[in-house]
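Here is the structure we will look at, set down as structure tokens.
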Amino acid sequence: MLVGAAARKNVLKAAVLGTLLAVAGGGAAQADSVAVQAGPAGRVVVAPAASFPDASLTLTRQRDGVTMRLDGIVTPAVEKRFIDALRALPPDQPMVLELASPGGYTAAGYRMIDAILAERQAGRPVATRVKAGEACESMCVGLYLSGYPRYAAPSAEFMVHAPRGAQSGTMTLRSTRTMVKRLVDLGAARGWIEKVKAAGGFSGNIDYRERADSLAATRANIVTDLIR
């Protein structure tokens, strides 16, 4: 059956949401290499060479720093390209990580978070941002929290839920506790965590969604600065 581009995107997103925050399984992502293409106005596209729908990474250089945009699914291949690109930046150069992602694999995402925290500890300013009308879901929320300040447009949407196994599609209490601890360690307010729990957001039954303006108003410490 042939479907249009919008329909294919919705089908892919639905399939991905079933495995977001999943522990990476062998053979889930194809072997990948970095394809770097020069673009206009200082833009460099770091694109996947394989056909697997990994997120794209785009670097945009400004006079006072660089913006790295991650758009799509977090996979082990994306992790490698991301860390390579991060380490290739000049020391101490400020970076904004712009995110538009339905999430992805926890093992890859956690290593990306650790890499960002290490860069910040070494002196590199790393902020994060989600633009108007875009979403940061599941594993993406941890990546968003790894930066500071954390910018978002009021209409930007964030989603968290219980991790699900990549192969089985089931959740475990251990993986959920690990994920929640990560969110708290990265700065999420405990009061907000309890609110999500009360709404069933970590039960495995629902995806808990909230807009940036609501998160800022309730002092969840997810969004630190609204983009006006």
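The values are calculated or read from the model by the stated rules, or taken from the named source; none is laboratory data. Keep in mind that what you see is a predicted model, and the values were worked out from it rather than measured. Cβ coordinates were reconstructed from backbone atoms using ideal geometry, including for glycine residues, and neighbour counts include every protein chain displayed.
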Note to self: I'd like the full set of residues that are among the hydrophobic types (A, V, I, L, M, F, W, C) and within 18 Å of Gly133 (Cα to Cα), limited to the stretch 207-228.
What the structure shows: Ala212, Leu215, Ala216, Ile222, Val223, Leu226, Ile227
Notebook entry, point to check: Which fully enclosed strands (runs of 3 or more DSSP E) of the stretch 108-224 have 1 or more residues being touching a Lys or Arg at 6+ places or on another chain (Cβ under 7 Å)?
Noted result: 126-130, 150-152, 157-160
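Which one of Ala135, Ala153, Ala162, Ala122 is within 14 Å of the chain's Cα centre (by Cα) and either without any contact (Cβ under 8 Å) to a residue 24 or more places away in the chain or over 14 Å from Gly109 (Cα atoms) (or both)? If you could, list the steps in order and put the result at the bottom.
Numbers: Ala153 fails: within 14 Å of the chain's Cα centre (by Cα); Ala162 fails: within 14 Å of the chain's Cα centre (by Cα); Ala122 fails: within 14 Å of the chain's Cα centre (by Cα).
Residue meeting the stated conditions: Ala135.
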Note to self: Return the residues of the stretch 89-121 that are closer than 16 Å to Asp54 by Cα and among the polar types (S, T, N, Q); say none if nothing qualifies.
What the structure shows: Ser101, Thr106
Item checked: Qualifying residues in the stretch 171-206 (those that are in contact with a Leu (Cβ under 7 Å, 6 or more places away or on another chain) and touching a residue at least 24 places away in the same chain (Cβ under 8 Å)) - the one surrounded by the fewest Cβ atoms within 10 Å (Cβ to Cβ) -> Gly187
Margin query: Condition first: in contact with a strand residue (DSSP E or B) (Cβ under 7 Å, 6 or more places away or on another chain), among the hydroxyl-bearing types (Ser, Thr, Tyr) and at pLDDT 95 or above. Now tell me which residues in the stretch 95-123 satisfy that.
Written below: Ser101
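Suppose the filter is surrounded by 18 or more Cβ atoms within 10 Å (Cβ to Cβ) and either in contact with a Leu (Cβ under 6 Å, 6 or more places away or on another chain) or under 22 Å from Val223 (Cβ atoms) (or both); does Arg120 pass it? Talk me through it step by step, then tell me what you get.
On the way: surrounded by 18 or more Cβ atoms within 10 Å (Cβ to Cβ): no; either in contact with a Leu (Cβ under 6 Å, 6 or more places away or on another chain) or under 22 Å from Val223 (Cβ atoms) (or both): yes.
No, not satisfied.
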Checklist line | Condition check for Glu210: surrounded by 15 or more Cβ atoms within 10 Å (Cβ to Cβ), modelled with pLDDT of 95 or more, over 25 Å from Ala118 (Cβ atoms) and of a type in the set (D, E, K, R) | finding: yes
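Quick grid of which residues meet (1) crowded, with 21+ Cβ neighbours inside 10 Å; (2) touching a helix residue (DSSP H, G or I) at 6+ places or on another chain (Cβ under 7 Å); (3) of a type outside the set (Val, Ile, Thr):
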{"residue": "Thr128", "(1), (2), (3)": "yes, yes, no"}
{"residue": "Met139", "(1), (2), (3)": "yes, yes, yes"}
{"residue": "Tyr144", "(1), (2), (3)": "yes, no, yes"}
{"residue": "Ala152", "(1), (2), (3)": "yes, yes, yes"}
{"residue": "Ser214", "(1), (2), (3)": "no, no, yes"}
